[in-house]
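The values are calculated or read from the model by the stated rules, or taken from the named source; none is laboratory data. Computed from a prediction, not measured in an experiment: that's the story for all the values here. In this analysis, Cβ positions are derived from the backbone assuming ideal geometry, glycine residues included, and neighbour counts consider all displayed protein chains. Heavy atoms of the whole protein, side chains included, go into the accessibility calculation; ligands, DNA and RNA do not. Shrake-Rupley method; radii C 1.70, N 1.55, O 1.52, S 1.80 Å.
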Amino acid sequence: NASKMRVATMAEGSVATRILLALVPPLYFARPEMFKPAVLRIVDLALRHGVCAGSAFGFTLLGSQLCGTLAHDPEAAVDEIELGYAFGRLSLALVLNRFDTDPIKCEVFTVFASHMQLWCEPLRNTRAPFLVAIEVGERTYNHIYISYGYTGYSAYSFYSGEPLESVMQTMNDYKKLLAPTKQEVGISHFAAQQQHVADFLAPEFQPTAATVMNGVHFSRATLETAKAKDFALVVAMLHLGRRRITVYFRDLAMASSRADLLGRQGGVA
């Protein structure tokens with residue numbers, strides 16, 4: 001119960017949490033084996049010393065890790081996903097009840113929608129939390145999570161069956177807002193998703209053709225930016241997007257091929 005959780009009174013716990021949260025992004029990309037220990041330490045600090053605004057994001061990150069169990073242990077996945085979703089709900093309640101004006105609300109709502117809510121609720125339900133995250137991120141100039149929010153909202157609108165023309169219009173608006181942030185990796189992810197939508201809108205679209213995801217919004221050249229080319233995750237997202245399309249159109253041989261490519265990029269087959 002978030003309303004009954006003790007708020008941290010010692011500055012040390014809050015400062016330590018802020019330091020660990022600052023380490024989370026570089027650990028996620030550069031030292032993934034240290035990512036989970038850092039998240040667990042944030043949660044431990046909250047349980048021992050009381051919660052602060054950053055604690056909410058710690059619970060969110062723990063929930064996202066639990067919801068990722070499916071890739072590693074399918075037999076335990078159902079219980080772990082339910083537990084992860086519960087941590088996500090806890091983090092939302094903690095923010096709304098205790099830290100509603102804190103900028104961390106952007107991160108909490110973004111990761112809850114993108115990594116937990118979709119497992120236990122209709123995909124369409126994720127759109128509202130994404131919009132909350134986007135509003136807070138734009139107001140607080142959180143350019144990193146703005147790019148995640150724009151991409152997540154657009155992608156989940158696409159996959160939940162929103163009209164393609166409407167999704168594309170929203171993405172065109174977001175693209176204009178995203179460009180000045182200079183978030184090259186985030187912009188690459190967004191461009192890949194926008195190319196999905198553009199492919200489906202094209203009259204000559206062939207869903208499993210090799211040219212899919214190599215168009216006006218996203219191409220191999222998109223990966224040649226100074227930062228994006230250093231992140232295998234961007235390339236993995238390219239193969240994941242192609243694999244989704246081949247699965248939808250029941251080209252299982254091509255889907256298997258894309259899964260192999262995705263696995264070699266460090267993604268989940």
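Annotations
- Of all the residues in region 79-104, those that are open to solvent by 30 Å² or more (accessible area, probe 1.4 Å), in a helix (DSSP H, G or I) and not aliphatic (A, V, I, L, M) number 8.
- Matching residues, region 175-188, being open to solvent by less than 40 Å² (accessible area, probe 1.4 Å) and modelled with pLDDT under 85: V185, S188
- Considering L47, L92, L61, the condition of being under 20 Å from the mean Cα position of the chain (by Cα), closer than 17 Å to K36 by Cβ and of a type outside the set (F, W, Y) is satisfied by L61 alone.
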